[in-house]
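Below is one structure, written out as structure tokens, with a few remarks after it.
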Amino acid sequence: MNKLGSSNKQYDVIVVGAGMAGLYILYKLRVAGFSAIALETGDDVGGTWYWNRYPGARCDIESLDYSYSFDPELEKQWQWSERYATQPEILRYLQFVADRYDLRRDIQFSTRVERADWDEDASQWKVTTANGDCLTSQFYVMATGCLSLPKEPDVPGANRFGGTTYSTNAWPHDGVDFTGKRVAVIGTGSSGIQSIPLIAKEASQITVFQRTANYAAPANNGPVREEHLQKLQADRDTYHEEARWSRAGVPLPRSEEPFFTVEPEERQRRLEKGFARGDLLTINTLFTDLVSNQAANDSVAEFFRDKVRAKVTDPQTAEDLCAKDFPLFTKRLCLETNYFETFNLPHSKLINLRHTPIESITETGIDTTEESMEFDSIVFATGFDAMTGAIVAVDIRGRHGIELKDVWEEGPKTYLGLNVHGFPNFFTITGPGSPSVLSNMVVSIEQHVDWITAAFEHLRNQGLKTLEATAAAQEGWATHVNDFANLTLYPVANSWYMGANVPGKPRVFLPYIGGVDTYRQACNEVVERDYLGFEQSGPAGFHCNEGVIRYVKPDVQMVLDLIASLEQPPLETLPVDQARAAMDANAATRAPGPDVGEIIDSKLPGPDGELDYRLYRPATAGPHPIVVYYHGGGWVLGHASSDDPFCRHLCTSSNSIVVSVDYRHAPEARFPAAVDDAYGALNWIAENAESLGGDSKQLAVAGWSAGGNLATVVCQLARSLDGPNISGQLLVCPATDRDFSTASYGDNAEGYVLTRNLMTWFWDQYCDASDRNDPRVSPLRAESLDGLPPAMVVTAELDPLRDEGNAYAAKMHAAGVAVQHIQAPGQIHTSLTAVDMVVSANDVRQAMSDGIRGFFQ
Ligand SMILES: Cc1cc2nc3c(=O)[nH]c(=O)nc-3n(C[C@H](O)[C@H](O)[C@H](O)COP(=O)(O)OP(=O)(O)OC[C@H]3O[C@@H](n4cnc5c(N)ncnc54)[C@H](O)[C@@H]3O)c2cc1C
């Protein structure tokens with residue numbers, strides 16, 4: 001194997017690792033004209049497929065997809081013999097790639113990198129190997145793999161055993177013969193599940209020690225599927241482009257349907273078909289909500305458990321093999337061949353470590369709390385220190401000598417999983433914060449390598465030397481990664497995605513779950529916006545387009561995307577009656593909100609005729625406090641039941657009666673009709689509180705948007721007109737001023753449902769310009785805000801009305817009013833009230849309910 005001469009030790013790029021990622025980046029860098037070297041611990045190429053030679057080792061993404069796509073000629077020259085190729089075949093493929101592009105001449109094997117230091121003065125990386133070599137480069141790329149640092153087996157006495165021990169991830173190159181041997185296998189993750197049936201074929205006795213049962217689907221391996229091959233060969237470019245813009249790096253149809261919207265028989269039919277297909281992605285894409293809806297997940301998990309029960313004859317063993325500790329899919333689904341059936345063999349045995357823990361490995365075998373067992377061999381299939389392990393195993397020091405492992409002490413933060421603030425020109429391929437292990441990794445590797453190489457070319461073309469993420473951009477990305485994870489059930493599981501398999505590792509969700517497509521879009525946009533969030537510097541100067549690439553909460557973005565896909569005309573371009581009908585039609589598609597004890601639709605006498613109201617009563621015993629609620633809709637749209645889900649939420653979560661009152665709307669009834677009605681309704685409810693089942697001494701007001709405007713105004717009127725007594729005011733994204741010159745109007749003029757144009761239209765419908773300084777229109781302009789009831793003001797970051805809401809909170813506070821002010825990042829004007837649809841606002845909604853309860857204490 002290659003051992004490069006040590007004369008040239010200065011490179012444009014030093015790459016660590018010669019697996020799938022290392023090989024591809026070497027190829028790309030050479031084509032782009034950069035000098036590069038890859039340093040690799042092993043003595044040949046292949047990475048994962050060089051080390052993991054255990055019996056049964058195979059890919060779990062179909063080989064046709066788990067192949068490079070960068071060169072159609074390469075693809076034509078290689079044929080896979082099976083749908084899921086074995087480790088030897090995949091290794092041969094990677095060796096073939098290395099030979100075809102003559103890559104070995106740029107790889108130094110048997111070389112472990114120990115340390116890398118950023119040299120500030122020279123603007124370069126200094127890389128030290130275990131062999132004592134020291135090399136320097138402008139760029140330093142870790143292609144060290146997400147699953148390459150084996151986890152130490154945390155079993156007491158692991159070193160005492162006198163027989164032979166094997167680790168699935170460092171398997172002997174000339175294989176192992178277990179014929180006639182008594183073998184213990186510790187670990188039932190993917191490697192255990194793949195190897196156990198084959199070890200059982202040879203061994204005289206096999207005992208499997210299982211801490212956590214895993215979900216597995218049958219691989220149904222066989223020859224490459226003909227229709228799959230045809231689809232690829234018919235139009236390779238389109239096929240690969242679809243893979244690149246898919247959720248997980250494999251082109252698959254996407255379901256539009258949540259689990260429970262499909263009839264039970266049809267659900268079952270789809271599950272059976274997906275299960276029988278034998279792959280790990282299809283079944284997860286059958287419905288939209290399997291990793292976000294616990295009940296849906298539970299149903300499908302039970303489907304998987306029933307499959308185990310049908311295969312394993314001993315009921316207790318079957319039950320032990322059923323995964324129950326974590327939601328389905330929150331650990332990578334395993335593909336199995338004869339795994340469960342292995343436990344029907346007379347010489348196999350399962351030890352459930354939850355019931356019978358290992359006390360110690362001994363010289364001759366394994367002692368559990370119940371028995372002593374003797375073995376000839378022990379196989380450890382105990383997994384990896386995933387995603388960060390191999391990176392921080394190298395002592396990497398950035399600016400001012402800061403150590404990466406210290407920076408990541410509480411969990412890794414990266415910008416796009418590509419770079420880390422404080423570590424210029426340092427890049428990770430499939431690093432934490434990128435889709436990596438949640439995807440077909442070759443697609444993710446190619447995307448990262450293409451992005452990184454293009455960035456190097458960009459710097460070279462611009463006469464620049466360094467690229468480094470800003471702290472703000474990195475923080476923004478970390479928030480986005482967490483926001484996405486928190487929309488799912490993944491953080492619930494003690495998985496290696498969460499770092500939970502390694503004692504002491506911080507519990508942080510490591511990969512990016514938004515999808516390969518969404519992620520690629522973000523990376524592309526960063527480049528299009530002149531490397532947004534990166535500092536670029538060099539002889540040609542310094543510049544930085546500072547910013548955060550994704551600040552809208554992911555579920556808010558999904559709602560925005562859905563709205564955009566409907567291509568509806570802007571409301572302000574419609575006649576008023578059509579705008580009202582459009583708003584009602586959209587409201588009909590919302591989630592309904594929680595059940596309440598009782599709903600009454602009735603009328604109350606207003607100053608100019610009857611007004612509708614809808615009363616929401618909690619299921620608990622009364623009398624309850626009352627919240628008078630004013631709906632949103634720009635004084636033009638909406639009615640007593642138009643904020644129904646939000647009112648239900650406020651009712652149940654604050655244990656209050658909510659009375660949503662209607663008021664006359666513009667343009668038919670312009671200012672001050674809505675104010676008169678709002679105040680009249682408040683007085684009527686105060687006077688009739690007891691007959692409504694409420695507590696007459698506990699009355700608050702609440703409102704959203706234009707309704708928030710009316711809520712502020714009735715509080716000011718009640719103060720100056722001596723009543724009624726109001727315990728508190730909840731103002732959600734309130735309109736408080738007629739000023740359109742605020743920063744929030746500028747920043748959020750378009751794109752977030754409530755636009756500047758729509759607000760202009762609302763104001764024009766509602767009142768004349770000459771009325772707009774009246775504090776009953778612009779309550780922020782009131783001379784004094786002294787003596788108002790305690791307030792909770794909630795504003796959304798991406799809302800034109802944000803700054804006027806903030807200003808009203810600040811002005812009340814300055815006037816001595818008790819104010820709680822919540823500023824909701826990444827939310828828009830309409831998302832805070834989107835109950836059961838925008839779950840990222842759940843905390844804010846909970847705070848609102850707590851705020852209401854606080855008014856009544
Ligand atoms: C058993 C198994 C099956 C898998 N099956 C699939 C699959 O079907 N589909 C899929 O998408 N993914 C699969 N994966 C994930 C797999 O790791 C990736 O698909 C891919 O092979 C990763 O390539 P890589 O080059 O990024 O990393 P690796 O292949 O892990 O290569 C990293 C290389 O870096 C070297 N290295 C690390 N640290 C140092 C150092 N300090 N100095 C020098 N060299 C170093 C290592 O020796 C290694 O050779 C599987 C993983 C395992 C373990």
Checked A301, A295 against criteria (part of a helix (DSSP H, G or I), farther than 12 Å from P218 by Cβ and touching a residue at least 60 places away in the same chain (Cβ under 8 Å)); the one match is A301
Kindly indicate whether any position in segment 712-730 is buried (at least 21 other Cβ atoms within 10 Å of the Cβ), more than 16 Å from G680 (Cβ to Cβ) and of a type outside the set (S, T, N, Q).
yes
Write out, first by first residue and then by second, each pair whose Cβ atoms fall under 8 Å of each other, whose residues are 6+ apart or on separate chains, and whose first residue, in segment 810-837, is within 16 Å of G728 (Cα to Cα) while the second is hydroxyl-bearing (S, T, Y) and not in a helix (DSSP H, G or I).
A815/S784; H821/T795; I822/T795
Give all pairs with beta carbons closer than 9 Å in which a residue from segment 18-35 that is touching a residue at least 12 places away in the same chain (Cβ under 8 Å) and over 15 Å from D102 (Cα atoms) meets a residue that is basic (K, R) and more than 16 Å from the ligand (Cβ to nearest atom); count only pairs at least 6 apart in sequence or on separate chains.
A32/R460; F34/R460
Report, by residue number, each residue of segment 145-168 that is away from the ligand (no atom under 15 Å from the Cβ) and in a loop (DSSP other than H, G, I, E, B).
E152, P153, D154, V155, P156, G157, A158, N159, R160, F161, G162, G163
Can you find even one residue in segment 107-121 that is part of a strand (DSSP E or B), away from the ligand (no atom under 14 Å from the Cβ) and loosely packed, with under 14 Cβ neighbours inside 10 Å?
yes
Could you go through segment 658-679 and let me know if any residue there is at pLDDT 95 or above, of a type outside the set (D, E) and within 25 Å of V839 (Cβ to Cβ).
yes
N486 being touching a Ser or Thr at 6+ places or on another chain (Cβ under 8 Å) and under 30 Å from T282 (Cβ atoms)
yes
As an exercise: evaluate H400 against (1) away from the ligand (no atom under 12 Å from the Cβ); (2) buried (at least 23 other Cβ atoms within 10 Å of the Cβ); (3) not in a strand (DSSP E or B) and give the number of the one condition it does not meet.
(2)
Residue list for segment 132-155, filter: exposed (fewer than 15 other Cβ atoms within 10 Å of the Cβ) and more than 18 Å from T188 (Cα to Cα):
G132, C134
Residues that are more than 25 Å from P218 (Cβ to Cβ), modelled with pLDDT of 95 or more and assigned to a helix (DSSP H, G or I), drawn from segment 76-90
Q77
Filtering segment 524-572 down to residues that are closer than 13 Å to T466 by Cα, modelled with pLDDT of 95 or more and either part of a loop (DSSP other than H, G, I, E, B) or in contact with a helix residue (DSSP H, G or I) (Cβ under 8 Å, 6 or more places away or on another chain) (or both) yields Y531, F534, Q536
Would you please list the contacts, defined by Cβ atoms under 8 Å and residues six or more apart or on different chains, that run from a residue in segment 102-120 that is on the phi > 0 side of the Ramachandran plot to a residue that is more than 9 Å from the ligand (Cβ to nearest atom) and modelled with pLDDT of 95 or more?
S110/D43
Could you list, in sequence order, all residues of segment 741-773 that are closer than 18 Å to E797 by Cβ and assigned to a loop (DSSP other than H, G, I, E, B)?
T742, N748, A749, E750, G751, Y752, V753, L754, T755
Subset of segment 479-523 [part of a helix (DSSP H, G or I), aromatic (F, W, Y) and within 20 Å of G389 (Cβ to Cβ)]:
Y490, W496, Y497
Could you grab the pairs with beta carbons closer than 7 Å, sequence gap of 6+ or different chains, first residue in segment 52-78 and of a type in the set (D, E), second one modelled with pLDDT under 95?
D60/L280; E62/D279
Checked segment 36-47 for anything surrounded by fewer than 21 Cβ atoms within 10 Å (Cβ to Cβ), closer than 18 Å to F96 by Cβ and within 7 Å of the ligand (Cβ to nearest atom); matches are G42
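Listed here are the residues, each with its yes/no results for (1) under 20 Å from S190 (Cβ atoms); (2) of a type in the set (K, R); (3) touching a strand residue (DSSP E or B) at 6+ places or on another chain (Cβ under 9 Å).
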site: L252; (1), (2), (3): no, no, no
site: E256; (1), (2), (3): no, no, no
site: D279; (1), (2), (3): yes, no, yes
site: L286; (1), (2), (3): no, no, no
site: S348; (1), (2), (3): yes, no, yes
site: T362; (1), (2), (3): no, no, yes
Just name the residue that is nearest to the chain's Cα centre (by Cα) out of those in segment 260-288 that are under 18 Å from T330 (Cβ atoms) and among the hydroxyl-bearing types (S, T, Y).
T288
Report the residue count in segment 46-74 for those that are farther than 27 Å from R460 by Cβ and part of a loop (DSSP other than H, G, I, E, B).
17
Which one of the conditions (1) within 12 Å of the ligand (Cβ to nearest atom); (2) free of Cβ contacts under 8 Å to residues at least 40 places away in the same chain; (3) touching a helix residue (DSSP H, G or I) at 6+ places or on another chain (Cβ under 9 Å) does M142 fail to meet, given that it meets all the rest?
(2)
Contact list please: Cβ distance under 7 Å, first residue in segment 416-436 and within 11 Å of the ligand (Cβ to nearest atom), second residue aromatic (F, W, Y), pairs at least six apart or on different chains.
P435/Y512; P435/Y519
Would it be correct to say that S660 is in contact with a Lys or Arg (Cβ under 8 Å, 6 or more places away or on another chain), of a type in the set (S, T, Y) and assigned to a helix (DSSP H, G or I)?
no
Say we look at segment 5-35 and pick out the residues that are among the basic types (K, R) and closer than 20 Å to W451 by Cβ; which of these is surrounded by the fewest Cβ atoms within 10 Å (Cβ to Cβ)?
R30
Filtering segment 793-826 for residues that are part of a strand (DSSP E or B) and more than 18 Å from A706 (Cβ to Cβ) leaves a count of 10
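The values are calculated or read from the model by the stated rules, or taken from the named source; none is laboratory data. Remember, predicted model here, so these are calculated numbers, not experimental data. Neighbour counts run over all protein chains shown; Cβ positions are idealised from the backbone, glycine included.
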